1. Short version: ³J(HN,Hα) in whole Hz for each residue of segment 114-128, in order, from phi by Karplus 6.51 cos²θ - 1.76 cosθ + 1.60 (θ = phi - 60°), x for Gly and Pro, what are they?
2. Arranged from highest to lowest average of other beta-carbon atoms within 10 Å per residue, in what order do the peptides 57-69, 233-245 appear?
3. State whether segment 5-308 is rounded, prolate or oblate according to the following rule on the C-alpha gyration tensor (a ≥ b ≥ c being the square roots of its eigenvalues): a/c under 1.5 gives rounded; otherwise a/b larger than b/c gives prolate, and the remaining case gives oblate.
4. Quick one: dipole size for segment 5-308, taken about the Cα centre, charges +1 on Lys/Arg Cβ and -1 on Asp/Glu Cβ, in debye to the nearest 20.
5. Can you tell me the orientation of helix 5-14 relative to the chain, as the angle in degrees between its alpha-carbon axis and the longest Cα principal axis, to the nearest 10?
6. Looking only at Pro134, Pro156, Pro30, which one moves most when the chain is put into a Gaussian network model with springs between Cα atoms under 10 Å?
7. Based on Cβ point charges of +1 for Lys and Arg and -1 for Asp and Glu, what charge dipole magnitude is obtained for segment 10-111 about its Cα centre, in debye rounded to the nearest 20?
8. Which angle between 0 and 90 degrees, to the nearest 10, do you get for helix 241-250 versus the longest principal axis of the chain when only C-alpha atoms count?
Amino acid sequence: MMVRSAALLVVLVLCADSQDYCYHEPDCDPYAWGDFFPSCHPLLGGHHSPINLDHHMVRNLSLGLLHLEGFDETQTGQWTLENDGHSVLLQVGSGMSVSGGGLPGVYHTVQVHFHWGDPSTNGSEHTVDGRRYPMEMHIVNMKSIHPNVSAAEEDPTGFAVLGFFIDVVYADNVHFSHISQKLSSVAYRGQMTGIKPFPLLSLLPKLNMSQYYRYSGSLTTPPCSQAVVWTLYEVPIYISWSQLAQFTSQIFSTEEDAAQVTPLQNNFRHLHTRFSRTVSASRDARLLRGTADPLTLLSMRLLHIVVLGQFYL
Ligand SMILES: *[C@@H]1O[C@H](CO)[C@@H](O)[C@H](O)[C@H]1NC(C)=O
Ligand SMILES: *[C@@H]1O[C@H](CO)[C@@H](O)[C@H](O)[C@H]1NC(C)=O
Ligand SMILES: *[C@@H]1O[C@H](CO)[C@@H](O)[C@H](O)[C@H]1NC(C)=O
Ligand SMILES: *[C@@H]1O[C@H](CO)[C@@H](O)[C@H](O)[C@H]1NC(C)=O
Ligand SMILES: [Zn+2]
């Protein structure tokens, strides 16, 4: 998740040697982020992201389809695609919002970005039963009552991020070409290019959008604010091997004129502990229909009572 690129750019310009974060050098990798961004320290009981999604879930029948306002329309104006050295970000302007599906309010859509691995390893941030997908796409939305990013970061539900796993098949995803066609223009850090708006819905899975998981977590990039209502969709987006390779081998974390060119790879934060958080499965979720449905939990507890004669509900 990266919502601060604009703010970060300002900081970088004002103070060129201020500490930036990275993914692979020991002094600035995700384990060191807390040294410069205290809120990235994974304190005991913290609500950090990403996490592994496992069968310890509770189904919540009130979690139905989200309302994706404006996602099926072609927005006016110009969008921009940008390489900020940590990811490729699509800034989508105004005009879209998400609500419903148990979200506590209306959230304006701000940007879309990606996390990926390298040519031989997968790079989604969340994992499903220990499985890491090749990529993960995040649609970042900010609660509309907040005037700015800093205000949203102070609110435990300040952001709603929609996470989509990206898996690989042989056929190109024609809708994804809106982005993949333009990737070579943002190969190097700091590069930016215009993109003609397209219906964002065309990037998303056509079916089964009511199947998702929900939990409270954090931004997965500094300042790692614990301010995110996460929605992770079960059904992945499919792209081709060559579309995947454009991310894993043709995007760089360094500027075009850098002495040493470094590919931007494995730009995902390490997994965090769930602690006491509840992960909910939507009404229609299927994959991880858990061993921890309320009824199962209840019957296990009853079994304990019967077998052990103990009362520790
Ligand atoms: C189900 O989700 C709704 C909407 O997020 C929430 O208000 C409610 O507390 C949840 N119920 C349970 C049992 O977690
Ligand atoms: C990586 O992704 C591929 C393609 O989806 C999958 O077959 C494989 O199991 C994944 N590997 C890991 C370690 O999760
Ligand atoms: C963000 O909004 C809050 C609440 O209105 C305000 O107090 C704060 O000064 C704003 N911060 C910035 C950086 O604009
Ligand atoms: C998508 O939803 C349909 C209808 O509910 C179901 O039959 C199908 O198994 C679902 N697909 C996946 C991949 O979950
Ligand atoms: Zn992200």
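1. 10, 10, 8, x, 9, x, 10, 10, 7, x, 5, 7, 7, 10, 10
2. Details: 57-69: 16.5, 233-245: 18.4.
Put in order of decreasing packing, that is 233-245, 57-69.
3. Cα axes put segment 5-308 in the prolate bin.
4. That gives a dipole near 1220 debye.
5. Taking Cα atoms only, the helix is inclined about 50 degrees.
6. Checking each option, the largest mean-square fluctuation is seen for Pro156.
7. 520 debye
8. 60 degrees
Values quoted throughout were computed directly from the atomic coordinates according to the rules given, and no laboratory measurement underlies them. All of these numbers come straight from a predicted model, not from anything done at the bench. Cβ: placed from backbone, ideal geometry, glycine included. Neighbour counts: every protein chain shown.
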